[in-house]
Amino acid sequence: MSALTVKDVTKSFGAQPVLRGVDLEVASGALAAVLGPSGCGKTTLLRVVAGFEQPDSGSVTVGGRQVTGPGRAVAPERRRVAVVPQEGALFPHLTVAENVAFGLPRRARRGARVGELLELVGLAGYGDRMPSQLSGGQQQRVAVARALAPAPDVVLLDEPFSALDAALRAAVRADVRAALHAAGATAVLVTHDQEEALSTADVVAVMRDGVVVQSGLPQDVYRYPKDVDVARFVGEAVVIPATVRDGVVWTPLGHLPLTQTAADGMGTVVLRPEQVHLVDPADGLPARVVDTYFYGHDASVRLEVHCPGEVRLPVVCRTQGELPEEQAVGVRIVGPVTWF
Ligand code: ATP
C-alpha cells in the first residue's frame, strides 16, 4: 500500500512555475529519496506535502486520506506528516528528552516512549543532556526521534545531513536509515547528493525542472537511466557517439551490447566508468593516461582512447592505484551500454 501519493501537483510563485506536474508514490515503510539539482523544486514539494504551501492543482494523499484540494486542505499539524529540517532545529533550552517528548501527545510525555525513541536512534542515556552538549550528528538523530514520536504516516527529511562533515555524514545516514526502518516509518529524503540518494534510499525519484523524470530502485535508475541527463546526474557517465544498424550498435570503441533494443539511427550510448576495464595494450584498444584523481578507496583515471580511423575518444575508468600520465594502456568495455 502506498503511504504517500503525489499526483500531478503544480505550484507557481508569481509567474515562476516551480512544480510542473509532480507524480510521486511512496510505499508504506519505504525510504524514498527525491534527488535533483539545486532549484528544481525539491523543498517546495516537501512543503506542499507537509501543508506549508497549497498546490495550484493536483493532489496529495497521506495514509489513504487526501489532504489537499478545495474544501479538503488539511492543516499541517493534522496531516500526520513530520518534518526533519536541514539542521535539526532542536529547542536549545529543552533537554534531549524534552525535545523528543515535544512530539508526543501531552499525556504520553512521561511514559517509556521517549526512552524507546532515544534507543531507536542510538542515544539511550542521552535524555538529560542539552542539545549544545551533542555533536551535529547526534542532534540530527534527536530531531529524527522527535519526528518519529507521534508515529506519523510520513516523515519528510530536507537535506538532513548537509550540515555534517563528510566523515560523519555516512555514519549518521546509516543510523537514521536504520532508525526509520526499525520504526517502520515511511520517509521522503530530499537531497542533491547522488551518492546519498543511491546508498540510503529504497527508491530514488530524480527531479528536474519541477517534475519527477524517473523513479525506481537505485540500481535501476543507475543502470537504466531514462536519458543522458539522468545518467549524468546519478553518477559519472561516459557518453559516446553511436549508430544503430540492423539492431547492432556501432561506436568508435567497436560493437557494444545494449541494455535495450533500439531502432536504427544515430545517437549516443552511455556507459559507466566501472565498465571501462584496463587490459594489456595488445588485448584492447590502445589508450594513454591523461590524468588521475586519487580518492582513497579508488582512483578515477581519465584516458584518451585511440579508436580506428584516427578518432580520439575521452573515457574515464576506476582503478585501485594511480597511473602515471602518458602511460600506455589497453581498454576493453565490459557489459551492456544504454542507447539514447
Ligand atoms: P535547493 O536544493 O537549492 O534547496 P530546491 O530544489 O529545494 O533547491 P526549491 O527550494 O523548491 O528548490 O526552490 C525552487 C524555486 O522556487 C527556486 O527558484 C526558488 O527561488 C523558488 N521559490 C521557492 N519558494 C519560494 C517562495 N516562497 N516565493 C517565491 N519563490 C520561491
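Please pick out the residue among Val221, Val176, Val204 that is in a helix (DSSP H, G or I), β-branched (Val, Ile, Thr), touching a Pro at 6+ places or on another chain (Cβ under 9 Å) and surrounded by 21 or more Cβ atoms within 10 Å (Cβ to Cβ).
On the way: Val221 fails: touching a Pro at 6+ places or on another chain (Cβ under 9 Å); Val204 fails: in a helix (DSSP H, G or I).
Unique residue meeting the criteria: Val176.
Just give me the residues in segment 180-201 being part of a helix (DSSP H, G or I) and under 15 Å from Ala82 (Cα atoms), in sequence order. Can you show your working first?
Initial filter on segment 180-201 (part of a helix (DSSP H, G or I)): 180-182, 194-200.
Correct list: Leu180 only.
Using beta carbons and a limit of 8 Å, which pairs, at least six apart or on different chains, have the first residue in segment 18-30 and in contact (Cβ under 8 Å) with a residue 40 or more places away in the chain and the second one more than 15 Å from the ligand (Cβ to nearest atom) and basic (Lys, Arg)?
Pairs that qualify, where the first residue is in contact (Cβ under 8 Å) with a residue 40 or more places away in the chain and the partner is more than 15 Å from the ligand (Cβ to nearest atom) and basic (Lys, Arg), are Asp23/Lys7.
Among the residues of segment 126-149, is any in contact with a Lys or Arg (Cβ under 9 Å, 6 or more places away or on another chain) and closer than 24 Å to Val60 by Cα?
Yes.
Could you grab me the full set of residues in segment 300-323 that are under 19 Å from Glu274 (Cα atoms) and in contact (Cβ under 8 Å) with a residue 24 or more places away in the chain?
Ser300, Leu303, Val305, Leu313, Pro314, Val315, Val316, Cys317, Arg318, Thr319, Glu322, Leu323
Listed here are the residues, each with its yes/no results for (1) surrounded by 18 or more Cβ atoms within 10 Å (Cβ to Cβ); (2) modelled with pLDDT under 90; (3) at positive phi; (4) assigned to a helix (DSSP H, G or I).
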{"position": "Gly111", "(1), (2), (3), (4)": "no, yes, no, no"}
{"position": "Leu117", "(1), (2), (3), (4)": "yes, no, no, yes"}
{"position": "Gly125", "(1), (2), (3), (4)": "no, no, yes, no"}
{"position": "Asp128", "(1), (2), (3), (4)": "no, no, no, no"}
{"position": "Ser132", "(1), (2), (3), (4)": "no, no, no, yes"}
{"position": "Gln139", "(1), (2), (3), (4)": "yes, no, no, yes"}
{"position": "Ala145", "(1), (2), (3), (4)": "yes, no, no, yes"}
{"position": "Val155", "(1), (2), (3), (4)": "yes, no, no, no"}
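Among the residues of segment 26-41, write down those that are modelled with pLDDT under 95 and surrounded by 15 or more Cβ atoms within 10 Å (Cβ to Cβ).
Of everything in segment 26-41, nothing turns out to be modelled with pLDDT under 95 and surrounded by 15 or more Cβ atoms within 10 Å (Cβ to Cβ).
The values are calculated or read from the model by the stated rules, or taken from the named source; none is laboratory data. In this text the structure is predicted, and so the values were computed from the model without any measurement. Every residue, glycine among them, receives a Cβ derived from its backbone with ideal geometry; neighbour counts consider all protein chains shown.
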